[in-house]
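Here the structure is laid out as structure tokens; the discussion comes afterwards.
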Amino acid sequence: MTNDVMVEASGLVKHFGQTKALQGVDLVIPRGTVHGVLGPNGAGKTTAVRILSTLIRPDAGTARIGGHDVVHDAEKVRASIGLTGQYASVDEDLTGRQNLVLFGTLLDLGRKGARARAAELLAWFDLTDAADRPAKTYSGGMRRRLDLAASLVGRPDVIFLDEPTTGLDPAKREDMWEVVRKLVREGSTVLLTTQYLEEAEALADEITVIDHGRVIAHDTPERLKRIVGGQTLEVRPSDERDLPRAAEILTMVSSGAAADQIRTGVLAVPVSGDAAMAEAVAKLTAEGIAVTELSLHLPSLDEVFFSLTAKPSEVSS
């Protein structure tokens, strides 16, 4: 392990009776990055997180966090990590402030240090106004923010976020995404499991896809998208009467692939490169066909996930 690698796992194996949760999983996560872990139900994502956070031991393989072995140096690992699970772990009968002070006290920050750190995190997560209310009165989004704040009390170098935005509405998810980005800007390393593919695309520098306990793909989001194939060119003519001629033009620039109407008034065709867009614009202009939408894009992560697993793209633990 080099100084630039914060999480490294090699050949992780974990069985629960006849269930082979992990069958030789490898991970390498550089310092100061977000690493997304995706996979269908039962793929082994949460099992991997539990091993890396020292909650369970692997049956085989090794893992190191910041250079410390998760089995032999478990105490040192726990001192350097934060973990936010799928469900809030705070005490709902305590106030937000009391929860954070409690965590700080358990981490030997001292009473004064724990209160100072609690106040800092409450402000950082926009919870100061609710700090002295019982956590059970918090909304779902507020509880998730408090839970994440609790995992940061000890200023961890590595943070494990196991589906941190499950159950949050889109606006609250965006808020949490900004928190994750801020953590990384301040030097943290994040391993994120998620059931939202757009979340992985928005946050992750690299993505590992796990299925049946094995790594089936690993790369950046952009390079993973190229697994499915080339790009897609989409066009919406201003006048729907131009759809037939526009479809002929798209078929020509695609070197023979037929253009399809993917939704009302919008045509799409697979193309092999960026030049197809310029060619389509030239031909549409020459034909006097005005357009209100024109885009060239790679496949979505949903399409990548479906291609890799041949299953619907619901990716929870």
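Among residues of region 175-206 being modelled with pLDDT under 85 and of a type in the set (Asp, Glu), the one that is surrounded by the most Cβ atoms within 10 Å (Cβ to Cβ) is ASP175. Of the residues in region 159-167, not one is without any contact (Cβ under 8 Å) to a residue 40 or more places away in the chain, in a helix (DSSP H, G or I) and buried (at least 21 other Cβ atoms within 10 Å of the Cβ).
Entry remark, region 276-312: residues being open to solvent by less than 60 Å² (accessible area, probe 1.4 Å), within 16 Å of LEU224 (Cβ to Cβ) and either in a helix (DSSP H, G or I) or without any contact (Cβ under 8 Å) to a residue 12 or more places away in the chain (or both) number 5 in total.
Counting only residues that are open to solvent by 60 Å² or more (accessible area, probe 1.4 Å), basic (Lys, Arg) and part of a helix (DSSP H, G or I), region 104-142 holds 4 of them.
Tally the residues that are in a loop (DSSP other than H, G, I, E, B) and small (Gly, Ala, Ser), restricting the search to region 211-225. Before you say what the answer is, go through the steps one by one.
First, the residues of region 211-225 that are in a loop (DSSP other than H, G, I, E, B): 212-213, 220.
Adding the requirement that they be small (Gly, Ala, Ser) leaves 213.
Result for region 211-225: 1.
Within the bounds of region 79-86, is there any residue that is without any contact (Cβ under 8 Å) to a residue 60 or more places away in the chain, surrounded by fewer than 22 Cβ atoms within 10 Å (Cβ to Cβ) and either farther than 30 Å from PRO58 by Cα or of a type outside the set (A, V, I, L, M, F, W, C) (or both)? So far as region 79-86 goes, no, none of its residues is without any contact (Cβ under 8 Å) to a residue 60 or more places away in the chain, surrounded by fewer than 22 Cβ atoms within 10 Å (Cβ to Cβ) and either farther than 30 Å from PRO58 by Cα or of a type outside the set (A, V, I, L, M, F, W, C) (or both).
Scan region 226-253 residue by residue and report those that are of a type in the set (A, V, I, L, M) and assigned to a helix (DSSP H, G or I). Before the answer, list the steps.
Taking region 226-253 and keeping what is of a type in the set (A, V, I, L, M), we get 227-228, 233, 235, 243, 246-247, 249-250, 252-253.
Of everything in region 226-253, those that are of a type in the set (A, V, I, L, M) and assigned to a helix (DSSP H, G or I) turn out to be LEU243, ALA246, ALA247, ILE249, LEU250, MET252, VAL253.
Scanning region 3-39 for residues that are of a type in the set (S, T, N, Q) and either in contact with a strand residue (DSSP E or B) (Cβ under 9 Å, 6 or more places away or on another chain) or buried (at least 20 other Cβ atoms within 10 Å of the Cβ) (or both) returns SER10, GLN23, THR33.
Apart from one condition, THR62 fits all of (1) at pLDDT below 95; (2) touching a Gly at 6+ places or on another chain (Cβ under 8 Å); (3) open to solvent by 30 Å² or more (accessible area, probe 1.4 Å); the exception is (1).
Picking from GLU234, GLU279, which residue would you name as being closer than 30 Å to ALA217 by Cα and of a type outside the set (A, V, I, L, M, F, W, C)?
On the way: GLU279 fails: closer than 30 Å to ALA217 by Cα.
Result of the check over GLU234, GLU279: GLU234.
Just checking, does region 111-132 include any residue being in contact (Cβ under 8 Å) with a residue 40 or more places away in the chain and not hydrophobic (A, V, I, L, M, F, W, C)? Within region 111-132 (the criterion being in contact (Cβ under 8 Å) with a residue 40 or more places away in the chain and not hydrophobic (A, V, I, L, M, F, W, C)), the answer is no, since none of the residues qualifies.
Can you confirm whether ASP147 is touching a Pro at 6+ places or on another chain (Cβ under 9 Å) and assigned to a loop (DSSP other than H, G, I, E, B)? Can you show your working first?
On the way: touching a Pro at 6+ places or on another chain (Cβ under 9 Å): yes; assigned to a loop (DSSP other than H, G, I, E, B): no.
Taking the combined requirement at face value, the residue does not satisfy it.
A single entry from ILE51, ILE56 fulfils the requirement of being at negative phi and surrounded by 22 or more Cβ atoms within 10 Å (Cβ to Cβ): ILE51.
Looking at region 1-64, the strands (runs of 3 or more DSSP E) lying wholly inside it that each contain 1 or more residues that are touching a residue at least 60 places away in the same chain (Cβ under 8 Å) and small (Gly, Ala, Ser) sit at 19-30, 34-38. The set of residues in region 212-224 being crowded, with 21+ Cβ neighbours inside 10 Å and touching a helix residue (DSSP H, G or I) at 6+ places or on another chain (Cβ under 7 Å) consists of LEU224 alone.
The values are calculated or read from the model by the stated rules, or taken from the named source; none is laboratory data. Keep in mind it's a predicted model, so treat the numbers as computed, not measured. A quick note on method: Cβ atoms are made from the backbone with ideal geometry, for glycine too, and the neighbour counts reach across all protein chains shown. When the accessible area is computed, the model is the full protein with side chains, heavy atoms only, and any ligands, DNA or RNA have been set aside. Shrake-Rupley method; radii C 1.70, N 1.55, O 1.52, S 1.80 Å.
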